[in-house]
Structures are given as C-alpha cells and as structure tokens.
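The values are calculated or read from the model by the stated rules, or taken from the named source; none is laboratory data. What you see is a predicted model, and the numbers here were worked out from it, not measured in a lab. Glycine also receives a Cβ, built like all others from the backbone with ideal geometry; neighbour counts cover every protein chain displayed.
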Amino acid sequence: MGVVTPGFHGRARSGNPRLPPGQYLAEDFPVLSAGPTPRVRTETWEFTVTTETGDKHTWNWAELMALPSEKPTVDIHCVTQWSKLDTRWRGVSIDTLVGGLGTEADYVMVHAYGGYTTNLPLADLLDGQAWIAYEYGGKPLTPEHGGPARLLVPHLYFWKSAKWVRGLELKSRDEPGFWENAGYHDYGDPWREQRYQGD
Amino acid sequence: MARTAVSGRLAWRVARLAGFRDETPTARTLVFDLPGWPGHLAGQHVDVRLTAADGYRAQRSYSLAAPADGDRVELTVQRVADGEVSEHLAGRYAIGDPVEIRGPIGGWFAWRPADPAPVLLVAGGSGIVPLMAMIRARRAAGVRTPFKLIYSLRTPAELYYADELRTPVAGVDVTYVYTRELPDGRSGIPRRIDVATLNTAGWPAEFGASCFVCGPTGFVETVADILVALGHDPHRIRTERFGPSRD
C-alpha cells in the first residue's frame, strides 16, 4: 500500500470507473505547452505524411476540410493528473489519411508547428483510434488548445495528442520525441500509469 | 541506451518533513529529508504521493523551490480551494510525517548554471517557485550570469520569499507588477504585465536571453506572445503553465 501519511484522508472517493489510476476530474480544460503558442494560419497550413520510403503526401486546409469528418466524444487524460470526460471533437480519422499509403512502418514521429515532436506506434493511430481534430465543443479549435488542428489520440496520455500538428513521419524504428527524450514514457497508457520511463 | 543512463526508472522515495516556513497565509515552503535523492536542476518538478489509512492515494506535481542540497529538497505549496493534497501539505502535515516523492521530472523548463546567456524570469503568482529555484541555483553555483525577474502578483500580501527577494543581489534585477493592490508608498495604479513592462524590465531581444515564464495559463499565454512580438526567439522562451484555462 505504500507509506501512510498520518491525518490524510483525501476527498470523498468518486470511484468513477472512467478515471484511470492517479487521475482526478477536471471541469475546465487546462493547457500545457513547453513554449509560446504558435499562431498557424489556415491559409498556409499544411499537413504532410512521409512514409518510410520517403514518399510525401500533403494536404492543405481546404483539402483537409473536404475529407470526410467524424465527431468523436472521448475521455482525455493528461499526465499532470487531470482527466476530462466526454470531450466533443470533430476531425479527420487517421485511417482516412494513412489508409491508402501501403506502408510497412511500425512507428510514427508526429511533428508540430513550433518544433514539438512525439512518438508512438502506428497501430495506435489506426482503426478509428486517432484523428486530426479541428473542432472542439462545436467550435474551431483555439490556438492554445492546438488549433487550427491537433492530433487526437485519446487512449494515450494527452501529450501524445500533439497540438499544432503538421505531419506524421512513418518509421521502421521507434525514436523518442520531445517529452519522451525528457524522461516521459514511450507509450503512455493512462490505464497502466505509464507516465515516465520505466513505469 | 544512452537515454536509460540519463533517467532510468523514477522510483518513489519516502520523504519526511524536516521543517517549514510560511510564505503567505496560504502558502507554505516544506523542507523534506529525502534519503537517496539523485539531485536536480532548478526548474524541475517532482510528483508527491499521499496515501490515506484506507489505501486511498492522491498524487500531484510540485515545482522544486531550491537547488539540490544533498538529501534536502524544498517545495512551496499554495493551498487551493478544495485541493485535497495542497490543503493537507500546507495545513496539518507535520514535522516527521512521511510522504512519497519521485523525480526529478522535466529537463526542458530548467536552467543550467553553465549556460552563460542572460536570463529573464517572468512569474505570475505562485509561478515564482521554479524561478526562485533558478535564482538560488545561480547563487549556489557562484556564477554572475545576469538575471532579471519580473514578478506579477495581485497584492503585496501574496509575495513569496519576501525577505530574500528584498535583499539586493548584484546581477539580479527584480521588478514587481501588482495587479490589484499596490504596496504602501508606491505610486501609480495596479495594472497587468504588458508590452511596456517586458520591454523596459526585460532584456532586448538581441541579447539572446533565456526566458522562463511560469504562472496561470492566461498569464503565460500573454507574456509568451509579447516576448515573441518583441523579437525573442520562440525556442528560447520556455513556459510552465498551471491552473484553469481562461475560457
């Protein structure tokens, strides 16, 4: 059980089965970023998927808007211990963007405007598990929450859901991204509390 | 792999309260004995875990308030409304009581004494904590890197580390911005940090300063945007945000 701190009782237990271990419910939507918020205009926005053989596939904003969109309602979990339930998004499924590329890559490095990167297995972006999201709560995604578009991978800790996303680099080998290089977990499953390397 | 050598597994360690200082009526600096602590950089944080007698656990992240000093680490905890962890740590938590701590965490929002670039620190409220660790690390390392601190707070009563900050230190310029209530004897009116503040109390962009901004989300967004507009390299602006978003 660990070390008991005398006199500590904590709040009334919610026992919410949708909260992963160590998480608490946030009513608002906290912001966590490593630097200034990039201001990315949709007029110049581009999203590029690069395969392991170097093939590039690029969409501009109008092309992204022309793709079929989905409206996932999902729970999100930040490594800083807040979770938010039933968040409503709109975006394009990664299956739609990557599905026809015929790649054999196992890993992805996600790149964002501003220089942020994060790594994850390609399988975690497919089969309806991830989106390029451009609306939150029925409104265009604001810059501080990653607008105009961010990656949305709700089953992993939220740092994997890169804000200001600009591309996916499909790779045969896994390499650490920004936070992963700073000691955070390569995979980041909130249900297994994979916060830091070795968890 | 090299990465494993850098961090390895972050183990929970048992820490006991060795002393405390009240910074304000609602904020307390806690000094822990933490045997086996590997050391840390100023700006890094730790996770603190509390376990109740029935096994219930709660865990929060707190910035380290002082540079590494053997087995001693310091955190400053602001009591927040309905905060089950902060209320205990800044309240009933007593000398000798154990908690569990693991870290250090984060190597991005960190200042290294070997970095000769001038430093701009911009604090909003309790965002002063990791920035104070940098000021203290500068002193502990005996370096003369020029520092400027801009500290925004609502009222004089909310000032952390008051005695230490009021003692002049060569090479560390401190500017206070009060948003609701000014100290006695200070002329002017309360105001928020703005372009003029950062332009006059910060470094010119061409000095290539390392900028560290810590505070509530809206504050950090505002300051970081102004620094970018003033010409600072976005990659030299490091931010740490906490608390609710504004909208």
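Points to keep in mind about this one:
- Of the criteria (1) surrounded by 12 or more Cβ atoms within 10 Å (Cβ to Cβ); (2) part of a loop (DSSP other than H, G, I, E, B), which one A:F47 fails: (2)
- Residue satisfying condition, being modelled with pLDDT of 95 or more, touching a His at 6+ places or on another chain (Cβ under 6 Å) and under 18 Å from A:V165 (Cα atoms), within set A:T50, A:T117, A:T44, A:T58: A:T117
- Residue among A:W179, A:W191, A:W159 that is out of contact with any helix residue (DSSP H, G or I) (no Cβ under 6 Å at 6 or more places or on another chain) and assigned to a helix (DSSP H, G or I): A:W191
- Within the range A:124-147, at least one residue is part of a strand (DSSP E or B) and touching a His at 6+ places or on another chain (Cβ under 9 Å).
- Test set (1) surrounded by fewer than 21 Cβ atoms within 10 Å (Cβ to Cβ); (2) among the small types (G, A, S); (3) closer than 16 Å to A:V3 by Cβ - B:A117 fails condition number: (3)
- Restricting the range A:111-155 to residues that are farther than 18 Å from A:V98 by Cα, free of Cβ contacts under 8 Å to residues at least 40 places away in the same chain and of a type outside the set (G, A, S), the residue that is surrounded by the most Cβ atoms within 10 Å (Cβ to Cβ): A:L141
- Of the residues making up the range A:172-195, at least one is touching a strand residue (DSSP E or B) at 6+ places or on another chain (Cβ under 9 Å), closer than 24 Å to A:T51 by Cβ, surrounded by fewer than 21 Cβ atoms within 10 Å (Cβ to Cβ) and without any contact (Cβ under 8 Å) to a residue 60 or more places away in the chain.
- In the range A:26-33, the condition of being within 14 Å of chain B (Cβ to nearest Cβ) and over 30 Å from B:A52 (Cβ atoms) is met by at least one residue.
- Where a residue in the range B:41-68 is at positive phi and its partner, wherever it lies, is among the polar types (S, T, N, Q), with Cβ under 8 Å and at least six apart: B:G43/B:S63
- Looking only at residues in the range B:51-76 that are charged (D, E, K, R) and assigned to a strand (DSSP E or B), the one that is farthest from the other protein chains (Cβ to nearest Cβ) is B:D69.
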